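As structure tokens, the structure follows; a few thoughts come after it.
Readers should treat all values here as calculations from the given coordinates under stated rules, not as data from a laboratory. The shown structure was predicted, so the numbers you read here are calculated from the model rather than taken from an experiment. Positions of Cβ are backbone-derived with ideal geometry, glycine not excepted, and every protein chain shown enters the neighbour counts.
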Amino acid sequence: MKPHVVLYKSLSAPLMQRLEDHAQVTLIEDVKSPGGLARLRDALPQADGLLGASLKIDGPLLDLAPKLKVISSVSVGVDNYDLQDLTRRGVQLTNTPDVLTETTADTGFALIMASARRVVELANMVRDGQWRQNIGPRHFGSDVHGKKLGIIGMGRIGEALAQRGNLGFGMPVLYHSHSRKPAVEARFGAQYRSLEDLLKEADFVCLTLPLTADTEGLIGAAQFALMRPETIFINIARGKVVDEKALIEALRNKQIRAAGLDVFEQEPLAQDSPLLALDNVVATPHMGSATFETREAMARCAVDNLLAALAGERPPNLVNPEI
Ligand code: DGY
């Protein structure tokens, strides 16, 4: 008998076909709606595998899924899962690293460019019919090339950002990470700094680290106080790594110049968030990996992970190998 897979993210036709060749599939559309969550709960008792993203799979949901062997997350971040609990329950967790690295670094660089050169604000000025004369200092931005690029979290995405900044824009790279990265130091001349020194020195402070118990709230009022009025803050990691109230204060008080943010404490960002009232904020809708090519590659990777686990093989991207 085919294993039962509960899918809470739609797949392209070829991937759906591939999954259906090997599994009996229940698709839950719009899982975050009240009806969607109820349908998910109804389907969980049969589930051998789950595939989806952007939903917290917590203890009460797992209690409904006694047969569950694997959760295949269509994401690199695994902050929606309690790893220890999954391991204790004997549930494998897989993710989709590598395939989204370059695209997410592209997003990071787009935010660097957009916030430094005020692209969104000035484009809106044109669109609103407010471009009436040559622009002057009131609308000038800051250079990107040659500025110090500070990266906090030198994993794959951090490295891809370092490559863009250093080789493309001649930016000296500073980084802070839980361990030194000799290869990145050799390739891009990246220099290791303590967190405090990086915050003081970098012109761009970019977060590319995962959300964990150790990184939650890592950047708060004390850290913004170390930055300079010229500093531009970029977050393509997770909103909860930052104390958003402290960020808003730092932006309002011109403690830092601008921010480019793809992730927020609460997503979707509320329409009345003070961040949206600030001209010096570029806010995007958690779109780091959101291109046609990359989302398809992530979904393919997630299907591969899931099918391998259900076939009793070790899945390629197992997050809790101790299982
Ligand atoms: C990821 O893959 O973790 C992205 O942030 C999407 O959630």
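Within straight-line reach of K240, meaning a Cα separation under 13 Å, sit the following aspartates and glutamates at least 8 residues removed in sequence or on another chain: D79, D214, E216, D262, E265, E267. If a paramagnetic tag sat 7 Å from the Cα of E29 along the Cα-Cβ line, which residues of region 256-270 would have the backbone N under 19 Å from that point? What the label zone holds, given the 19 Å backbone N cut-off, is no residue at all. With helices as the sole contributors, the chain gives -10000 deg cm²/dmol at 222 nm; each DSSP H run of n ≥ 4 counts as -39500 (n - 2.57), and the sum is divided by every residue. Near Y175, the amide H atoms lying under 5 Å from its own belong to I151, Q191, Y192, R193; only residues 5 or more places off or on other chains count, and H is placed 1.01 Å from N.
Could you list the residues of region 263-281 with an amide nitrogen less than 15 Å from a label point located 7 Å from the Cα of I135 in the Cα-to-C-beta direction? Zone members listed by number: 279-281.
Enumerate the residues in region 260-298 having an amide nitrogen under 15 Å from the point lying 7 Å beyond the Cα of V126 toward its Cβ. Counting backbone N atoms under 15 Å from the label point, the list is empty.
With a Förster radius of 35 Å applied to the beta-carbon distance between T87 and E267, the computed FRET efficiency rounds to 0.85. Residue exposure proxy: Y192, Y8, Y175, ordered by other Cβ atoms within 10 angstrom of their Cβ from fewest to most, comes out as Y192, Y8, Y175. Each of R39, R180 was scored by other Cβ atoms within 10 Å of its Cβ. Listed from fewest to most, they are R180, R39. Listed by chain and number, the aspartates and glutamates whose C-alpha is less than 20 Å from the C-alpha of K147, apart from same-chain residues fewer than 8 away, are D106, E159, E185, E196, D197, E201, D203, E230. Under a 5 Å amide H cut-off, with hydrogens placed 1.01 Å from N, V282 pairs with A259, G260, L261 among residues at least 5 apart or on other chains. Annotation: amide H of V319 within the under-5 Å range of L93, T94, N95, sequence separation 5 or more or interchain, hydrogens built in the peptide plane.
Placing pseudo-labels 7 Å out from each Cα toward the beta carbon at R18 and K245 gives an inter-label distance of 4.6 nm.
Longer than 30 Å from Cα to Cα, which of K9/K254; K200/K245; K9/K181; K32/K200; K67/K181 are they? Say none if no pair is.
Details: K9/K254 41 Å; K200/K245 20 Å; K9/K181 36 Å; K32/K200 41 Å; K67/K181 41 Å.
Correct reply: K9/K254; K9/K181; K32/K200; K67/K181.
Using θ = phi - 60° in the Karplus curve 6.51 cos²θ - 1.76 cosθ + 1.60, the 3J(HN,Hα) couplings for region 147-152 round to 7, 7, 9, x, 10, 9 Hz; x is entered for Gly and Pro.
Neighbouring Cβ atoms within 10 Å as the yardstick, rank S115, S142 fewest first. Let's see the in-between values first.
Working: S115 26, S142 16.
By the 10 Å Cβ count, ascending: S142, S115.
Helix 13-22 axis versus longest C-alpha principal axis of the chain: approximately 40°, rounded to the nearest ten. Per the Debye calculation on region 229-290 with a single equal scatterer at every Cα and no solvent contribution, log₁₀ I(q)/I(0) for q = 0.15, 0.16, 0.30 Å⁻¹ amounts to -0.39, -0.45, -1.54.
Please work out how much length the chain gains when fully extended from H178 to D63, using 0.36 nm per residue of separation minus the C-alpha to C-alpha distance, in nm with one decimal. Walk me through the numbers before you get to the answer.
Numbers: separation 115, 0.36 × 115 = 41.40 nm, distance 3.44 nm.
Additional length available on full extension: 38.0 nm.
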